[in-house]
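K.L.:
Sending over a structure as structure tokens; questions will come in a sec.
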């Protein structure tokens, strides 16, 4: 158990808020379920620095790229056709890239938890 709680520290760009959330989410899982959760979650998780890079690319080259990456397809299409909501939305995403990544990672943690909970 401690091994996998410490393993979360090895995730790139993990914030204390995300670490706390993950530790609370996995408290009720047994050791094998925690291993399975970690394996699934680490594959789905987005690093906030990667989201920052996608925001920069989205600002200058392909508006909405950051929204497509975090699974917000509708917003990505809207950004694409409105040139990042006239660049304002892309700039806001650039500033709030950590919250975009945290929101996405929480969804992935919930999905991973549900999958791990169903395992033996």
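Bear in mind that the values in this text are calculations on the coordinates, not laboratory data. Because the structure is a prediction, the values reported are computed rather than measured. Backbone-built Cβ (ideal geometry, glycine too); neighbour counts: all protein chains shown.
K.L.:
With springs connecting C-alpha atoms under 10 Å apart, model the chain as a Gaussian network and identify which of 90, 42, 99 has the largest mean-square fluctuation.
P.N.:
So, out of 90, 42, 99, the one fluctuating most is 99.
K.L.:
Once fully extended, how much extra length lies between residue 17 and residue 87, figured as 0.36 nm per residue of separation less the alpha-carbon to alpha-carbon distance?
P.N.:
Result: 22.3 nm gained on full extension.
K.L.:
Distance between Cα centroids, segment 95-115 to segment 1-67: provide it in whole Å.
P.N.:
7
K.L.:
Want the number for residue 60 to residue 39: 0.36 nm per residue separation, take away the alpha-carbon distance, what's left?
P.N.:
Between residue 60 and residue 39, full extension yields 4.1 nm more.
K.L.:
Here is a follow-up. So which residue, out of 63, 16, 48, gets the largest mean-square fluctuation from a GNM of the chain using Cα contacts under 10 Å as springs?
P.N.:
With Cα springs under 10 Å in the chain, the top fluctuation among 63, 16, 48 is at 16.
K.L.:
So which residue, out of 61, 52, 94, gets the largest mean-square fluctuation from a GNM of the chain using Cα contacts under 10 Å as springs?
P.N.:
61
K.L.:
Roughly how many nanometres apart are two label points built 7 Å out from the Cα toward the Cβ at residue 114 and residue 49?
P.N.:
According to this spin-label approximation, the distance is 3.2 nm.
K.L.:
Subtracting the Cα-Cα distance from 0.36 nm times the residue separation, let me have the gained length for residue 107 to residue 27 in nm, one decimal.
P.N.:
Here the segment from residue 107 to residue 27 would lengthen by 27.1 nm.
K.L.:
Scan (1) 1.10; (2) 1.06; (3) 1.13 for the value of Rg/Rh (Cα atoms, Kirkwood Rh) calculated from this model and give just the label.
P.N.:
Given (1) 1.10; (2) 1.06; (3) 1.13, the calculated one carries the label (2).
K.L.:
Something else: With angles folded into 0 to 90 degrees, how steeply does helix 48-60 sit against the dominant principal axis of the chain? Use alpha carbons for both and round to 10.
P.N.:
That works out to roughly 10 degrees.
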